[in-house]
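Student: Mind having a look at this structure? Questions to follow.
No value in this document is a laboratory result; all are computed from the given coordinates. This structure is a prediction, so every number in the text was calculated from the model and none was measured. Using ideal geometry, Cβ is built from the backbone for each residue, glycine included, and neighbour counts are taken over all protein chains shown.
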Amino acid sequence: MMPSSLVEFYGKHSNYACGYCSQKSSCHSDGMWAHRLSCEDYQDLIDRGWRRSGCYCYKPIMNVTCCPAYTIKCNALNFQMNKSHKKVIKRLNKFLRDGLKEEHENQAVQSTEGSLDTTEHDRGDSEIVEAPRAPSKQPDLQCFQEASVAQRAQDASSFADQPDGLCSSKPKSGSTSNVSNHSSGSGVTNPPKKAKLLRIERKREKLQKKGVSGDELERLMKESKGQNVAKSLEDFLSEAPRDDEPAAHRLKIETISTSGKKFQENLATSFALFAKYQTAIHNDRPGSISDYLEFLVNSPLKTGGVMGSFHQQYWLDDRLIAVGVIDVLPYCVSAVYFFYDPEFHFLSLGTYASMREVAFARTLNRQLPSLTNYYMGFYIHSCPKMRYKGNLHPSYLLCPEVYSWHSLDATVKSKLDASKYSRLNNDPKAQDTNKPTEQDLSDVILLQNRKCLRYSQCLQANGPIVEVEAYARLVGKQCAKRMLLVVA
C-alpha cells in the first residue's frame, strides 16, 4: 500500500525564545516538515507529544526545555460543566436576546473553579516554537507516487507475511501503544441480568443505535426512570434564541474546510480579523496574508469524510467575530488556535468556543464512535497563565516517557509543583511499547534519489544514518513504518 504520509525530519531546534517565561534562548524541540499527513498518522503523533503549526510538526524536548509542555485531552463524552462554564454560556445567550452588555463586562469571570477569561487569548500553542519555513527544495511528489507503486510491487513477495509491510491491506489507525487508551471494553464477563435490567439495557441499545451517547444518553436514561436530570452542555447551548424567536442578534457557527471554495470566499475577512486580534491582544504585527496562510490555513492533513483541518467561523449577524482552527482526527477534535474580535472580549469567546468544540466532538461521535476526546494542545504547569486548560474535566496529561494518560488530579499537580518535568507514570517498569526495535528500524521506509526503499537497504549500501534512527524513536515504530521519510 502506498504510504499516505510524506515527511522530512529536521532534528533538534534549540536555544530559541520562549513566549511563556520570556527567556530568549531556552526552548528546545525536535521538528519535521509534513508534506502530506494522514489523519491516522497525525493522531498517533499527537499521542506521542507532537503538535503542528501549519505544516511544521514539533515535539518539545521535555526534560531540557524551559517550560515543559504536556499534551492534554478532555474526555468529551463525560465532560463536566462547572459554574463558570454555565455563566459564560448564559451571558452570551442573554446578549443574543437583548443585545445589552453586562455591567461587569470588563471584569474577568472568577469562580471557585478558577479563572477562565484572564487567558482567553492564549488558547493557541504558537509561542512554543519558532516554526521554520518550508524546505527550499520540495520533494518530487510525482516521483513519490511512482516510486511507492514500484516499491509496492517489488515488496509484494518479501513483505507479504508482515502485518506492517508496505503491502499490508490497511494501516492501523492508532498506534499499538495507544490503542488501550482509546478503547472502552473491560473484558469482564457480566452475570445474568434480571428482567428490569434487561429492559433498561434494551432501551440503552436503542438510543445508542440512534447515535445518542455520553451525557445525553445518561440524561435520557435517567428521564426514563423518572429521576431528576442535570442540564447537559447541549441544553445550555440550545437556550440561545431560535430563528423563530425575537432577538437582538443571531449567532451562526459554520465549520468549513480550509481547502474548500467557501473558505477562499471569506479569506480576506478572516485574515482581517486575525490581523486585528494580533495587533490588539498580542501587540504584535500580524504579518502578511501569506504568513497567515502558512500559520493557520495550510495543513498537511488529508481531508476525507468528517476528518481533516477546518475553521469554525462565528458569525454575529453578518459580522465575523471569531474563528476556531481545529483538526478532526480518528479519536479527537484537536484545537489548533483561536482568535476573535477584541470588541467582544466581554463575551469570553475563548471559553465559549471551548464549550462549542467539546459539543462538536460529542456530535461527531455519533458518526465516528472512536472520536471521544477533545485535545487542547499543551498544558504548561510551570506557566500559571496556561493552567486554565485544566479547568475542563475530566482531563488527562500524557506521560512524556511511557506515553500513557494520567488524570490531571491533585496527585499529578503535586508532582508538577515539585518538578516542572515529571514522568507521570508511577510504574518504574512501564515502558514505551511503541519504541522501535532493531527490526523496526530496518523497516523504516525512505524516499531517496527518486526511489522508495527500506532503511535496511540503506544500511547495506551506506551504513547507519543517525537522523533516521532518532526520527523512528520520536515518531514511534508504527508511524516510522507507515510514513515515508525524505532523506538526502
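Student: For the pair Lys83 and Ser419, what calculated FRET efficiency results from E = 1/(1 + (r/R0)^6), where r is the Cβ-Cβ distance and R0 = 41 Å, to the nearest 0.05? Working shown, then result.
Tutor: Values: r = 32 Å, r/R0 = 0.78.
With a Förster radius of 41 Å, E is 0.80.
Student: Quick one: which residues, 5+ away or cross-chain, put their amide H under 5 Å from the amide H of His13? H built at 1.01 Å from N.
Tutor: Result for His13 returns Ser29, Asp30, Gly31.
Student: Taking amide hydrogens as modeled 1.01 Å from N in the peptide plane, which residues meet the under 5 Å criterion relative to Ser53, leaving out close sequence neighbours?
Tutor: Tyr58
Student: Based on Cβ point charges of +1 for Lys and Arg and -1 for Asp and Glu, what charge dipole magnitude is obtained for region 276-365 about its Cα centre, in debye rounded to the nearest 20?
Tutor: 220
Student: Now, a different point. Would you please state which residues of region 325-352 a label at Asp98 would reach in this model, taking the label point 7 Å out along Cα→Cβ and a backbone N cut-off of under 18 Å?
Tutor: Taking a point 7 Å out along Cα→Cβ of Asp98, the residues of region 325-352 whose backbone N falls under 18 Å are 346-348.
Student: With a point put 7 Å past each Cα toward its Cβ, work out how far Ile289 is from Lys429 in nm, to one decimal.
Tutor: So the label points at Ile289 and Lys429 sit 6.1 nm apart.
Student: Cross-link list Lys101/Lys302; Lys231/Lys415; Lys24/Lys101; Lys24/Lys389: which exceed 30 angstrom alpha carbon to alpha carbon?
Tutor: Numbers: Lys101/Lys302 42 Å; Lys231/Lys415 35 Å; Lys24/Lys101 40 Å; Lys24/Lys389 25 Å.
From Lys101/Lys302; Lys231/Lys415; Lys24/Lys101; Lys24/Lys389, over 30 Å: Lys101/Lys302; Lys231/Lys415; Lys24/Lys101.
Student: How do the peptides 259-268, 24-33, 40-49 rank, highest first, by the average count of neighbouring beta carbon atoms within 10 Å per residue?
Tutor: On the way: 259-268: 13.1, 24-33: 19.6, 40-49: 25.0.
Going from most to least packed, we get 40-49, 24-33, 259-268.
Student: Find the relative contact order for region 348-488 and round it to a whole percent, using C-alpha pairs within less than 8 Å whose residues are 6+ positions apart.
Tutor: Rounded, it is 16 percent for region 348-488.
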